[in-house]
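See structure below.
Bear in mind that the values in this text are calculations on the coordinates, not laboratory data. No experiment lies behind these values; they were computed from the predicted model shown. Note that we place each Cβ from the backbone using ideal geometry, even for glycine, and neighbour counts take in every protein chain shown.
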Amino acid sequence: AKSAGRDGYRFFDAAMTEAADERLRLEADLRQALKRGEFVLHFQPKIASPSKRVVGFEALIRWLRPDGTLIAPGRFIPLAEETGLIGAIGEWAMHTACQTLRRWREAGLCNLSMSVNLSARQLRNPALIVQVKRALAESGIPPGLLEFEITESVAMEDPSRTIGSLRALKALGLVLSIDDFGTGYSSLAYLKLLPIDRLKLDRTFVTDIETDPNDAAICAATIRLAHTLGLSVVAEGVETQAQAAYLAGLECDEMQGYYYARPLPEAEARHFIVHGLNC
Ligand code: C2E
Ligand code: CA
Ligand code: CA
Ligand code: CA
């Protein structure tokens with residue numbers, strides 16, 4: 001029994017070392033992936049209610065490995081944030097999203113907006129404004145069609161600094177959204193101080209909206225509050241016609257989710273605009 005215990009410890013040590021090695025390997029892999037151009041963006045449409053028109057897309061990053069496997073952002077964005085690599089990856093995502101929208105516009109595709117997710121580190125980076133100006137200038141897209149999504153927890157992290165950064169982005173004419181709304185701890189008074197345009201209602205409240213009276217009440221109250229503050233609301237994770245109908249009844253402004261489309265590679269996203277619900 002004693003030796004089993006010792007083996008237990010040794011095993012634990014080995015497991016920890018292995019985890020640290022794995023982390024270092026992944027960090028090196030991420031650096032190379034960026035250099036080799038292995039990141040891709042997929043685009044998920046946002047559908048206006050009640051018109052059911054495609055009004056814009058959210059750009060979501062994936063890692064396409066040389067062997068053809070597609071890695072979800074949940075498996076590498078957290079480490080990219082910890083190591084600071086998110087700065088370069090995030091700038092790539094913003095630039096690429098703007099260039100994609102430029103191509104769609106050149107092909108005559110309507111007044112679509114493009115949303116990009118912004119991490120805490122990017123928001124704190126003083127170089128962000130210059131990067132945004134460059135991405136806008138190089139793509140020629142109107143600033144009002146570029147949207148940044150900032151999670152509620154990031155927005156609440158360092159309020160005074162966040163407000164300063166958000167004001168600078170707003171001064172460029174961008175649209176700002178609070179992502180995953182309802183999962184953090186926003187005080188309503190603070191929400192009023194942020195120069196934001198929209199809330200994205202977190203998927204966790206949408207999933208059981210028809211069966212859980214608490215979720216339904218949270219959705220209803222959030223939409224009412226947002227409208228009172230002059231904000232629009234996008235519901236995430238809409239997977240069924242019934243959820244969409246329920247949210248439409250609450251006057252939710254836009255919907256996003258698998259019911260309409262999964263995040264799509266560029267060519268399919270473009271196809272979706274032409275042959276889908278828009279135009
Ligand atoms: P998010 O911003 O909350 O994005 C929504 C996530 O929900 C996406 O996962 C999307 O594919 C998924 N989703 C959309 N509709 C549905 C639905 O109807 N049902 C379900 N079950 N899921 C749905 P994804 O693409 O794996 O992205 C995960 C997270 O990674 C994103 O969450 C975002 O926080 C982060 N992320 C993605 N791209 C970037 C990026 O370029 N930069 C940064 N900083 N973060 C990113
Ligand atoms: Ca988002
Ligand atoms: Ca979200
Ligand atoms: Ca979410």
Subject >> Charge dipole of the stretch 159-271 about the Cα centre (unit charges at C-beta), most positive-ward option of Leu231, Pro159, Cys252 >> reply: Pro159
Subject >> Helix axis angle, 86-106 relative to the chain longest principal axis, alpha carbon, degrees >> reply: 30 degrees
Original post:
With a 10 Å Cβ neighbour count serving as the proxy for reagent exposure, in which order, fewest first, do Glu38, Glu18 appear?
Top reply: Glu18, Glu38
Subject >> Computed lengthening from Asp67 to Ala168, 0.36 nm per intervening residue step minus Cα-Cα distance >> reply: 32.2 nm
Original post:
Within the chain, how many lysine pairs that are 8 or more places apart, or on different chains, have C-alpha atoms less than 20 Å apart?
Top reply: 6
Original post:
When DSSP assigns beta bridges and you keep just the ones with both residues in the chain, what percent turn out antiparallel, to the nearest 5?
Top reply: 40 percent
Original post:
Got a sec to turn the phi values of the stretch 205-213 into Karplus ³J(HN,Hα) couplings, 6.51 cos²θ - 1.76 cosθ + 1.60 with θ = phi - 60°, whole Hz, x for Gly and Pro?
Top reply: 8, 7, 3, 10, 4, 7, 10, 10, x
Subject >> Cα-centre dipole for the stretch 181-242 with unit charges at Cβ (Lys and Arg positive, Asp and Glu negative), debye to 20 >> reply: 380 debye
Original post:
How far is it, in nm, from the label point at Leu229 to the one at Ala267 when both lie 7 Å from their Cα along the line to the Cβ?
Top reply: 4.3 nm
Original post:
If amide H atoms are built 1.01 Å from N in the plane of the peptide, which residues on other chains or at least 5 residues away come under 5 Å of the amide H of Ile71?
Top reply: Trp63, Leu64, Arg65
Original post:
For the stretch 70-85, in order, what is each residue's ³J(HN,Hα) by Karplus, 6.51 cos²θ - 1.76 cosθ + 1.60 with θ = phi - 60°, in whole Hz (x at glycine and Pro)?
Top reply: 9, 9, 6, x, x, 8, 9, 5, x, 5, 4, 5, 4, 8, x, 4
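Using R₀ = 30 Å, calculate the FRET efficiency as 1/(1 + (r/R₀)^6) where r is the Cβ-Cβ separation of Arg36 and Leu109; round to 0.05.
My answer for the efficiency is 0.50.
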**OP:** State the extension gain, in nm to one decimal, for the chain segment bounded by Lys192 and Leu26, taking 0.36 nm per residue of separation less the distance between their alpha-carbons.
**Re:** 55.8 nm
Subject >> Neighbour net charge for Met156 - beta-carbon separation under 13 angstrom, K R +1, D E -1 >> reply: -4
Subject >> Shape call, the stretch 76-191: gyration tensor on alpha carbons, a/c limit 1.5 >> reply: prolate
Original post:
Taking amide H positions as placed 1.01 Å from N in the peptide plane, with prolines and chain starts having none, which residues 5 or more places from Glu38, or on another chain, fall under 5 Å of its amide H?
Top reply: none
Original post:
Is the stretch 56-143 rounded, prolate or oblate when judged by the Cα gyration tensor, a ≥ b ≥ c being the square roots of its eigenvalues, rounded requiring a/c under 1.5 and prolate requiring a/b larger than b/c?
Top reply: oblate
Original post:
Using alpha-carbon pairs under 8 Å, 6+ residues apart, how would you state the relative contact order of the stretch 134-268 in percent?
Top reply: 18 percent
**OP:** Please get the size of the charge dipole for the chain, origin at its Cα centre, with Cβ charges of +1 on Lys and Arg and -1 on Asp and Glu, quoted in debye to the nearest 20.
**Re:** 820 debye
**OP:** Could you tally the net charge around Ala248, taking each other residue with its Cβ under 13 Å from the Cβ of Ala248, Lys/Arg +1 and Asp/Glu -1?
**Re:** -3
**OP:** Would you mind classifying the stretch 108-162 by shape? Square roots of the alpha carbon gyration tensor eigenvalues, ordered a ≥ b ≥ c; an a/c under 1.5 is rounded, otherwise it is prolate if a/b is larger than b/c and oblate if not.
**Re:** oblate
Original post:
Given 0.36 nm per residue, what is the gain on full extension from Ala245 to Asp158 after removing their alpha carbon distance, in nm?
Top reply: 27.6 nm
